[in-house]
Amino acid sequence: MRIIQTNSYEEMSVRAAGLLAAQVLLKPGCVLGLATGSSPVGTYQELIRMCEKGLVDFTQVKTVNLDEYCGLESTNPQSYRYFMNKTLFEQINIDLSNTYLPDGMAQDAAEESKRYQAQVEKLGGADLQLLGIGQNGHIGFNEPNDFFTRDVHEEKLTQSTINANSRLFGEGETVPTTAITMGIGNIMKAGKIVLIAGADKKDIIEEALYGPVTPKVPASVLQLHKDVTVITVQ
Ligand code: F6R
């Protein structure tokens with residue numbers, strides 16, 4: 001595991017974007033596993049800047065996102081599909097039909113999880129997976145549990161995650177309580193993993209990287225992956 005300590009969110013974002021861009025340069029038709037939330041916004045801004053300058057070309061790239069809230073239309077600004085379209089996809093030269101997320105509006109979340117699992121497998125999984133981390137150690141939306149999950153599944157969000165997510169929702173907007181997420185098994189199959197964690201994640205990063213490997217701290221499983229780069233802010 002490589003740990004890169006940076007001095008600011010901006011520096012963390014530039015370092016992470018560099019690793020994603022390097023992956024695309026090495027394999028122009030690669031599959032990038034992407035995350036949402038506040039942590040990757042700066043990384044995506046940097047990738048947009050690099051794409052505008054012609055330093056990276058996404059025309060052959062495919063993307064698979066970690067998760068999507070249940071019950072939100074793709075046109076809902078709080079949905080992860082909307083977030084990805086606005087924050088990254090519509091600002092780079094990627095073909096939108098090469099970008100994949102679970103469908104949060106599917107009638108049957110279990111069926112949709114199976115469909116997305118098959119989709120991820122068909123693409124061969126992610127060459128590089130970008131991750132953020134929750135204050136409780138979740139990656140994707142794999143919450144602390146008694147076991148490590150394997151495949152894409154519906155997850156009931158913990159109250160602490162719902163509270164954390166609510167900061168991004170406006171007054172009167174209902175914060176979803178369930179999501180469809182890749183499992184820990186999907187994440188661990190990625191060729192490379194890049195985990196970005198801002199200064200507010202110091203304690204949980206310490207626990208996940210140096211504590212015991214346990215599903216009670218889902219990110220601790222990353223200690224067992226062969227190619228992880230963690231980029232933190234001091
Ligand atoms: C989002 C995701 C989550 C977030 C985590 C941290 O796709 O999978 O695991 O990475 O909740 O969120 P932020 O970055 O908003 O602190």
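Please treat every number below as a calculation from the coordinates, not as lab data. Fair warning: this is a prediction, and the values are worked out from it, not measured in the lab.
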Q) Taking the chain as a Gaussian network, Cα atoms linked when under 10 Å apart, which of 171, 73, 121 shows the biggest mean-square fluctuation? A) 171
**Q.** Helix runs (DSSP H) in the chain reaching 20 Å along axis by Cα, Kyte-Doolittle at least -0.5
**A.** 9-26
Q. Restricting to the chain, what percent of DSSP beta bridges are antiparallel, rounded to 5?
A. 25
Q) Excluding same-chain residues fewer than 8 positions from residue 216, which aspartates and glutamates have a Cα within less than 12 Å of its Cα? A) 143, 146, 207
Q. Based on the alpha-carbon gyration tensor of the chain and its eigenvalue square roots a ≥ b ≥ c, which shape applies: rounded if a/c is under 1.5, prolate if not and a/b is larger than b/c, or oblate?
A. rounded
**Q.** Expected 222 nm ellipticity per residue - DSSP helices of 4 or more, -39500 (n - 2.57), all of the chain, to 500
**A.** -9500 deg cm²/dmol
